[in-house]
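Below is one structure, written out as structure tokens; the observations come after it.
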Amino acid sequence: MAARRVSTPLALLVAAALIGLGIYLNRGGRGTGSELASRSSPSPDSAAGDIDSVTERRRPADTGAPFARLSVSPEKIELGSVPTCGVRRTFEVALANDGDKPLRVDGWVSTCACVAPTVAPGFTIEPGEVYTLPVVAEPWNFGAQSHRLDFRVSGEGLSPNATAGRLRVNYTVEGALRARPAVVTRPDRARNFAVNIDRVSADGAFLPEAYEILGVEPRVAPILPPLEPGHGAINIDFQAIDELAASPSGAELTAFEWTETQDGRRWKSIELTVRTSLEACPEVRVRVRNRGR
């Protein structure tokens, strides 16, 4: 039997109708109830499945373990004036374990190293115990200061590198002399490092008013000749610091801060006291940190 032929105009009309129907369905045309249900219900393996079930699969199993908590009291300290002349400002805060499992304080993160605890991290606070933590605030930058200290903790019920407890410290740095920089980190290769000590106004601006540097204790930083009135400088000698730290007398100096390493005790930092002829600021302190030791 011969194949039935369709005229060209009729074939074009049928093709256009089929194309229109396809576009309608792709754009979400109305179908039967069963068709709508099959399109709106995801398969069990679909990534767009029930969000509650996905959340439950990612949530750690509830083992009944308590969540350790650390509270800081007070949460904010107002120190007022912290002068560049004289001793460092220290204060204490109370860290309390409000949970019922031991809590280890592994460390802390500070917005400025000028505000930091003076003890080594890694101590444990028992449930209900209060730990008195000494903190120091150093006058590194002039003017109003506001720094935050966040504590890193570990314990049962806590995720790795968890943080708990926060301290805010506000103070104002002022003084008649300003060390630049106020803290020195030992260079990789250089034996010496020069620190400028300038006469300044209340806002930290340089004043060309003559004064003298009379000495440095411990004697590990020779005095450099002034470049102009109001300017002074010392030249820190790291080899001299190493030799002092290795000597019997150096081991007893309170200016040193020590750390224990696999090779024995090493000096971590030393605080230099710079004596001056300026009545408004007879002493300036410069902190020197040891690198990689």
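The values are calculated or read from the model by the stated rules, or taken from the named source; none is laboratory data. Nothing here was measured: the structure is a model prediction, and the numbers come from that model. Please note: Cβ atoms are built from the backbone with ideal geometry, for glycine as well, and neighbour counts cover all protein chains shown.
The residues in segment 270-293 that are farther than 18 Å from P226 by Cα, basic (K, R) and assigned to a strand (DSSP E or B) can be counted, and the count is 3.
Against the condition among the charged types (D, E, K, R) and assigned to a strand (DSSP E or B), how does D242 come out, does it pass? Answer is no for this residue.
Being in the same structural domain as E283 (by TED's automatic domain parsing) and more than 30 Å from R148 (Cβ to Cβ) holds for only one residue in V195, V216, V200, V184, and it is V216.
Restricted to strands (runs of 3 or more DSSP E) entirely inside segment 126-204, those with at least 2 residues that are at pLDDT below 95 and within 16 Å of the chain's Cα centre (by Cα) are 143-154, 162-174.
The residue of segment 249-267 that is surrounded by the fewest Cβ atoms within 10 Å (Cβ to Cβ), among those that are of a type in the set (F, W, Y) and in contact (Cβ under 8 Å) with a residue 12 or more places away in the chain, is F256.
Taking (1) among the charged types (D, E, K, R); (2) within 31 Å of the chain's Cα centre (by Cα); (3) over 30 Å from R266 (Cα atoms) in turn, D237 satisfies each apart from (3).
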